[in-house]
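The values are calculated or read from the model by the stated rules, or taken from the named source; none is laboratory data. None of the values given here were measured: they were computed from a predicted structure. Here the Cβ is made from the backbone with ideal geometry for all residues, glycine too, and neighbour counts use every protein chain on show.
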Amino acid sequence: MALEIDLVTLFPAMVAAPLAASIPGRIQEQGLAAVRVHDLRAWGLGRHRSVDDAPYGGGAGMILRPEPVAAALAALRRPDSTVILLDPAGEPFRQARAEDLATRPHLVLVCPRYEGVDDRIRGMVDLELSIGDYVLTGGELAALVVVDAVLRLLPGAIEAASLEDESFARGLLEYPQYTRPAMFAGQGVPDVLVSGDHGAVRRWRLRESIRRTFERRPELLAGRAWTAEEAQLLDEVRLAEAPGGASELPEGSAGSG
Ligand code: SAM
């Protein structure tokens, strides 16, 4: 088994269906990964399996008590585990982290609810991840995002070539893609894509990746290592997009690769 994942939640049904469908489901059927979902209430306290309580100091909402979460971690953690807490204050989840997690043998994901978990749990996890600067009602959707992004990177999960050019894999957004029909809503497709010239297609795609990233996510370009060809294409894009060479890119970022 390449990767094992244990997911702890108060709402197992919420995560079961997305994990069983489509590519995540097929990856598990192929034996490339196993995802097990655990109900945190199994470690709840007392006859009512209680998991939450009011915040010390007062205030709105309920807080997940530390004991049930700690008990879940004690039951699930192994020497080779990476325990992840989903939390808005966590590390922003990015593709590089997904690639890193895809190489690990065992992930345990903890999905808090309510106003979050007692802070003393943070010292019991290896990593805190946030999927963005907004607040969800619980960690389940965030955990699904992380698991989905990781599963598709497992060797054999999807065609390796599909991963090579896609957004963020090389620090760039993906180039524009087209399929039939050749004319749609008055718009054709770029001539180069039907030219049969594979070299020209490759170079056009690289240039469009750079252009799209330059226009939409220029912060991704800063600090990136550039090949000579990429640096040349970046210069072309800069000239075309910002006459006079004005650019927010740091000087010297081009040509360092
Ligand atoms: N009171 C918390 C705060 O202000 O940071 C928000 C709690 S939120 C309503 C409940 C849970 O949803 C969080 O503890 C976390 O597990 C999950 N969650 C919400 N937004 C998230 C995000 N952007 N990334 C990861 N997890 C998130």
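Taken together, L19, L76 contain a single residue that is over 29 Å from L172 (Cα atoms) and assigned by TED's automatic domain parsing to the domain that holds I131, which is L76.
Of everything in region 127-145 that's among the hydrophobic types (A, V, I, L, M, F, W, C) and near the ligand (Cβ under 9 Å from one of its atoms), which residue is surrounded by the most Cβ atoms within 10 Å (Cβ to Cβ)?
By that ranking, first place goes to A143.
If you filter region 93-117 down to residues that are out of contact with any Ser or Thr (no Cβ under 6 Å at 6 or more places or on another chain) and assigned to a strand (DSSP E or B), you find that the one that is farthest from the ligand (Cβ to nearest atom) is L109. Within region 146-180, the set of residues being within 16 Å of the ligand (Cβ to nearest atom) and surrounded by 18 or more Cβ atoms within 10 Å (Cβ to Cβ) comprises V146, V147, A149, V150.
The numbered conditions (1) out of contact with any Ser or Thr (no Cβ under 8 Å at 6 or more places or on another chain); (2) assigned to a loop (DSSP other than H, G, I, E, B) are all true for L173 except (1).
Yes or no, residue by residue, for (1) within 30 Å of G156 (Cα to Cα); (2) surrounded by 15 or more Cβ atoms within 10 Å (Cβ to Cβ):
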residue: A20; (1), (2): yes, no
residue: G25; (1), (2): yes, yes
residue: L45; (1), (2): no, yes
residue: V51; (1), (2): no, yes
residue: A60; (1), (2): no, no
residue: A71; (1), (2): no, yes
residue: R78; (1), (2): yes, no
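Restricting the first member to region 113-126 and to residues that are surrounded by fewer than 15 Cβ atoms within 10 Å (Cβ to Cβ), and the second to residues that are at pLDDT 95 or above and hydroxyl-bearing (S, T, Y), the beta-carbon pairs closer than 9 Å and six or more apart or on different chains are D126/S81; D126/T82.
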